[in-house]
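Chemist: Here it is, the structure, as structure tokens.
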Amino acid sequence: MAPCFAASNGDEWKWGSTHTMLSRRIFTVSLIAGLAAPYVSRASAQAFDDIRTSAREMDQLHSIQIQLGDEPVLEEAFRGPGLDRPANIKSCSKSVVALLLGTAIDSGEIAGVEARLGDVAPDIIPSDATAGVADITMEDLVTLRAGLEGTSGPNYGAWVNSSDWLAYALRRPMIAQPGTRMIYSTGTTHILGAALTAASGESLLALARDRLGSKLGFQVPPWTRDPQGYYLGGNEMALTPRAMLAIARLIRDNGRSDGAQVIPADWVDASLVRRTRSPFSGLGYGYGWFLSESGYVVARGYGGQLIAAHPERRLAIAITSDPTRPAYSRGYFGDLMQLLEGPVLSVSRES
């Protein structure tokens with residue numbers, strides 16, 4: 001299996017950074033003719049159309065969708081598999097796993113975020129695990145504050161080439177007190193996914209299908225499993241861009257979809273409270289979601305995969321990109337975040 005890691009220094013964007021390529025651009029996106037008339041003024045329609053032209057010039061970008069209120073104002077696939085075929089969402093998977101934790105707590109399968117790993121899933125802890133891992137809480141895992149040395153970035157290859165991914169992650173040295181600082185690690189979310197499987201008796205695939213896909217109207221195909229059969233928590237999940245947008249709407253609308261409460265509202269509220277801050281981007285981080293100062297809620301994945309919502313501005317956004325190319329803080333990811341924080345936010349304010 002080729003390592004497709006979500007590097008802690010390449011999968012995040014440093015706020016306040018600038019990118020000269022972006023400063024020379026006027027971003028453009030396409031207005032879906034007629035659909036957005038109740039929301040978008042003539043001037044705003046022109047602004048979206050202006051955004052489209054330059055977005056097309058971003059050769060790493062595959063697709064972009066923007067929904068304002070109930071209406072799409074942009075649906076464009078410039079390249080790649082299109083809007084209706086699965087794309088690797090990379091580390092956006094971490095945010096999906098976080099939503100599934102909320103459903104497990106709501107159903108009583110897990111007592112709460114303070115539940116200890118040793119109580120929720122004792123059987124996944126190897127006998128030679130690092131001292132203290134049994135006391136790591138679900139909150140520590142979902143906020144990437146488990147304290148264990150990470151398995152992402154340069155450590156990813158050795159981890160996924162090991163014979164037991166859970167044991168490897170749980171044997172990493174403890175480099176911080178659990179619950180203190182954020183240590184970006186796909187291994188941490190993989191532990192959380194395995195804990196969800198242990199608590200519910202269902203695979204992560206079944207949970208994603210039953211508790212998200214079936215309720216939001218999209219398919220969840222199987223993805224990578226570890227040598228013990230656990231679906232990888234935190235990377236490699238594949239969803240169509242339209243499914244990504246459905247998740248963005250779900251977060252924007254406080255866990256509701258078509259009048260049904262899919263994710264408990266109190267879990268969504270709790271997820272959007274800053275629990276820690278990324279040492280690389282400066283973004284806040286809640287229960288599996290990055291949080292911007294302007295009000296964006298963001299799931300982000302290697303290469304430029306993005307699920308974003310801005311509840312106050314009624315925005316839901318999904319972006320897919322070439323999953324084989326890095327998106328550095330001062331490069332492509334910077335362009336994407338400046339697009340959201342600049343032109344998109346400005347147009348939504350005017351509409």
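Chemist: With contacts defined as alpha carbon pairs under 8 Å and 6 or more residues apart, what's the relative contact order of the stretch 20-350 in percent? Working shown, then result.
Modeler: Numbers: 661 pairs, mean separation 69.3, N = 331.
Rounded, it is 21 percent for the stretch 20-350.
Chemist: Something else: Starting with the highest mean, order 128-138, 180-190 by the number of other Cβ atoms within 10 Å, averaged over the residues of each peptide.
Modeler: Ranked from most to least packed, the peptides come out as 180-190, 128-138.
Chemist: Mind checking which of Ala158, Ala146, Ala194 has the largest fluctuation in a GNM of the chain, springs on alpha carbons under 10 Å?
Modeler: Ala158
Chemist: Kindly state, to the nearest 0.05, the FRET efficiency for Asp135 paired with Asp269, given R0 = 30 Å and r defined as their beta-carbon distance.
Modeler: For Asp135 and Asp269, the calculated efficiency is 0.65.
Chemist: Can you tell me the 0 to 90 degree angle between the C-alpha axis of helix 42-57 and the longest principal axis of the chain, rounded to 10?
Modeler: The two axes meet at around 60 degrees.
Chemist: Stretched out fully, how many nm does the piece from Glu341 to Glu71 gain, at 0.36 nm a residue minus the Cα gap?
Modeler: 95.2 nm
Chemist: Distance in nm between label sites at Asp123 and Gln261, each 7 Å beyond Cα in the beta-carbon direction?
Modeler: Modelled inter-label distance: 3.2 nm.
Chemist: Still on this structure, please answer the following. Would you calculate the separation in nanometres between label points at Glu312 and Arg56, each defined as 7 Å from the Cα along the Cα-to-beta-carbon direction?
Modeler: 3.4
Chemist: Rank-order 88-94, 161-167 by packing density, defined as the average count of other C-beta atoms within 10 Å over each peptide's residues, highest first.
Modeler: Order by mean packing, descending: 88-94, 161-167.
Chemist: Between Asp49 and Arg349, what is the label-to-label distance in nm when each label sits 7 Å out along the Cα-to-Cβ direction?
Modeler: 2.4
Chemist: Further question on the same structure: Which of the trypsin sites (Lys or Arg not before Pro) found in the stretch 272-351 are loop residues per DSSP with 16 or fewer other Cβ atoms within 10 Å of their Cβ? Write down the numbers at each step before the final one.
Modeler: Details: sites: Arg274, Arg275, Arg277, Arg300, Arg313, Arg314, Arg330, Arg349; in loops: Arg274, Arg275, Arg314, Arg330.
Answer by residue number: Arg274, Arg330.
Chemist: Suppose the chain between Ser107 and Arg225 were pulled fully straight at 0.36 nm per residue; how much longer would it get relative to their current alpha carbon spacing?
Modeler: Computed gain between Ser107 and Arg225 is 40.0 nm.
Chemist: State to the nearest 20 debye the size of the charge dipole of the chain about its Cα centre, where the only charges are +1 on K and R beta carbons and -1 on D and E beta carbons.
Modeler: That gives the chain a dipole magnitude of about 760 debye.
Chemist: Which FRET efficiency, nearest 0.05, do Ser294 and Ala158 yield, Cβ-Cβ r, R0 41 Å?
Modeler: 0.60
Chemist: Can I ask one more? Students often get this wrong, so try it: which of (1) 75, 40, 37; (2) 90, 40, 33; (3) 64, 43, 33 is Cα extents along the principal axes in Å as calculated from the structure shown?
Modeler: Of the labelled values, this structure produces (3).
Chemist: I've got another one for you. For the stretch 97-176, which GluC sites (Glu not before Pro) pass both filters: DSSP loop (anything but H, G, I, E, B) and at most 14 other C-beta atoms within 10 Å?
Modeler: Glu114
Chemist: FRET efficiency for Arg171 and Arg325, Cβ-Cβ distance as r, R0 = 35 Å, nearest 0.05?
Modeler: 0.60
Chemist: What's the ranking of 216-224, 195-203 by average number of surrounding C-beta atoms within 10 Å, highest first? Write out the running numbers ahead of the final one.
Modeler: Values: 216-224: 15.7, 195-203: 19.4.
For the peptides 216-224, 195-203, the packing ranking is 195-203, 216-224.
Chemist: Looking at the chain as a GNM with Cα springs under 10 Å, which of Gln338, Gln67, Gln46 has the largest mean-square fluctuation?
Modeler: Result: Gln46 has the largest fluctuation of those listed.
Chemist: If you place +1 on the Cβ of every Lys and Arg and -1 on the Cβ of every Asp and Glu, how big does the dipole about the Cα centre of the stretch 114-200 come out, in debye to the nearest 20?
Modeler: The dipole of the stretch 114-200 has a size of about 260 debye.
Where a number appears in this text, it was derived from the coordinates with a stated rule and is not lab data. This one's a predicted model, so the numbers in the text were calculated from it and none came from an experiment. Neighbour counts are summed over all protein chains in view; Cβ atoms, including those assigned to glycine, are modelled from backbone coordinates with ideal geometry.
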